[in-house]
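No lab work stands behind these numbers, since they all come straight from the coordinates. Predicted model only: the values in this text are computed from it and were never measured. Note that each Cβ is placed from the backbone with ideal geometry, even for glycine, and that neighbours are counted across all protein chains shown.
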Amino acid sequence: MRPKGSAAALEARRQRAATLLEKGLGIREVARQVGSSPSSVKRWKEVIETGAKEALRAKPHPGRPSRLSPEQREELLELLLQGPLAHGYASQLWTLPRIAEVTEGRFGVRYHPAHIWKILHACGWSCQKPQRWGKERDEEQIQSWRKGKWPDIKKR
C-alpha cells in the first residue's frame with residue numbers, strides 16, 4: 001500500500017533515510033526515524049550501495065494528464081456554485097450529465113458523466129440527493145399536529 005503524502009514529501013523521506021544510512025545508522029533505526037518499514041529502508045540501502053541514489057527521486061505519475069487544468073477545475077466549481085438556473089436549466093438540481101454539458105460548453109472538454117463524478121469527488125464534493133416533498137404538503141398543519149397531537153400520542 002502506498003504511504004500517505006505527496007510525491008515530494010515521500011522523496012524527501014527517502015533522501016533523509018539515505019542521509020541517515022550514509023551516517024552509519026542501522027536499518028531499523030532509520031526506519032523508526034523516517035516512519036517507514038525496515039524492508040523499505042533495506043531496499044533503499046541496496047539502491048544507494050549500487051550508486052544509483054537518483055533512483056530514490058520521485059517518479060512522474062503514470063497515466064494520461066488531466067484535460068482540465070487546476071485553474072479550470074476551480075472555475076468549474078465556481079460555475080457550479082452559481083446553480084443550474086444560471087446556466088439555463090429548468091430546475092435547481094445539478095446532475096452529472098448537466099455538469100458534463102457545462103464543462104464541454106465552457107472548456108471544450110468532453111467528459112463522460114461518470115468521470116465528472118470522479119472530478120467532483122477529487123475536489124471534495126459529495127453526492128446530495130434532494131428530499132422530495134408532496135405538493136399538497138401543508139407546513140402549518142404539520143406543525144400544529146406536532147405541537148397538539150404528537151405529545152399525546154408519544155405519552156402512550
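Things to note:
- Between the alpha-carbon centres of the range 1-49 and the range 116-136 there is a gap of 42 Å.
- In a simple Cβ point-charge model (Lys, Arg +1; Asp, Glu -1; nothing else charged), the chain has a dipole of about 840 debye relative to its Cα centre.
- Above-threshold pairs, the threshold being 25 Å between Cα atoms, out of 4/42; 59/118; 4/59; 53/118; 4/129: 53/118; 4/129
- For the range 97-155, applying the loop criterion from DSSP together with a ceiling of 13 other beta carbons within 10 Å to the GluC sites (Glu not before Pro) yields 136.
- Here the spin labels are modelled as points 7 Å beyond Cα on the Cα-Cβ line, and at residue 129 and residue 54 they lie 5.4 nm apart.
- Exposure proxy ranking for 153, 116, 142, 48, based on other Cβ atoms within 10 angstrom of each Cβ and starting from the fewest, stands as 153, 142, 48, 116.
- Net +/- balance of residues flanking residue 21 in space, Cβ distance below 11 Å, scoring K and R +1, D and E -1: +2
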